[in-house]
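Worksheet: the structure to be examined is printed underneath.
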Amino acid sequence: IERELSVVRGVQQSLLPQKLPEIPGVSLAAYYETSRHAGGDYYDIVPIPGNRWGIMVADVSGHGAAAAVVMAMTRAVFHAKPELHDSPPKLLQFLNDHFRFMWGTARFVTALYCVYDGNTRTLQIACAGHCPPLLYRAATQRVEVLPCSRVVPLSIQELTDVPVTLVELWPND
């Protein structure tokens, strides 16, 4: 069992970005460690035409191999519709609809999806049950919790109106 879980961990880690993209004017960093062998945590960054980037952070409920499988499915579905990457609400609705078969089970996915626009230095943020993002404001030297409205996590029920929060980033944020 230990060996099998180790293999699952390796597969899961191979699904995460091996190298973060270089985005002009932005410094990126990521650290990932599961609580055990494998888990349901997922992050990704994808390019969108027009100097924009899609940033996904998600967490599948539970731990272990089952959460890792749902994480892998989430990644596959996320990459299956690149034409939705420029619309945070449509992307979250698509993911939720795809996992309709899990509605009513105990398994759900919290997700935060942002589109960063390098031309306007703005973030469009949509949130499905995930923790709100934090932003370090260099001008005030404070960390702010970004006030984004949330809907229920994915794979629970229909998502009809996913709100979007627009945040302007200032120099050195």
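The values are calculated or read from the model by the stated rules, or taken from the named source; none is laboratory data. If you're wondering where the values come from, they're calculated on a predicted model, not measured in any experiment. Positions of Cβ are backbone-derived with ideal geometry, glycine not excepted, and every protein chain shown enters the neighbour counts. Keep in mind that these areas ignore ligands, DNA and RNA; they rest on the heavy atoms of the full protein, side chains included. Shrake-Rupley method; radii C 1.70, N 1.55, O 1.52, S 1.80 Å.
Table for the structure above
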{"read-out": "Total residues in segment 128-142, condition open to solvent by 70 Å² or more (accessible area, probe 1.4 Å) and not in a loop (DSSP other than H, G, I, E, B)", "value": "3"}
{"read-out": "Residue among T74, T120 that is surrounded by 17 or more Cβ atoms within 10 Å (Cβ to Cβ) and either of a type in the set (V, I, T) or assigned to a helix (DSSP H, G or I) (or both)", "value": "T74"}
{"read-out": "Selection within segment 143-155 - open to solvent by less than 70 Å² (accessible area, probe 1.4 Å) and not in a strand (DSSP E or B)", "value": "L146, C148, S149, V152, P153, S155"}
{"read-out": "Condition check for L166: surrounded by 15 or more Cβ atoms within 10 Å (Cβ to Cβ) and modelled with pLDDT of 90 or more", "value": "no"}
{"read-out": "Candidates V143, V167, filtered to the one that is farther than 24 Å from V60 by Cβ, without any contact (Cβ under 8 Å) to a residue 12 or more places away in the chain, out of contact with any Gly (no Cβ under 8 Å at 6 or more places or on another chain) and not polar (S, T, N, Q)", "value": "V143"}
{"read-out": "Matching option when the condition is loosely packed, with under 13 Cβ neighbours inside 10 Å and β-branched (V, I, T), among I55, I1, I45, I23", "value": "I1"}
{"read-out": "Of all residues in segment 123-163 being farther than 13 Å from A111 by Cα and among the hydroxyl-bearing types (S, T, Y), the one that is modelled with the highest pLDDT", "value": "T140"}
{"read-out": "Pairs, first closer than 12 Å to P47 by Cα and at pLDDT 85 or above in segment 16-31, second of a type in the set (S, T, Y) and not in a loop (DSSP other than H, G, I, E, B), C-beta under 9 Å, six or more apart", "value": "I23/Y116"}
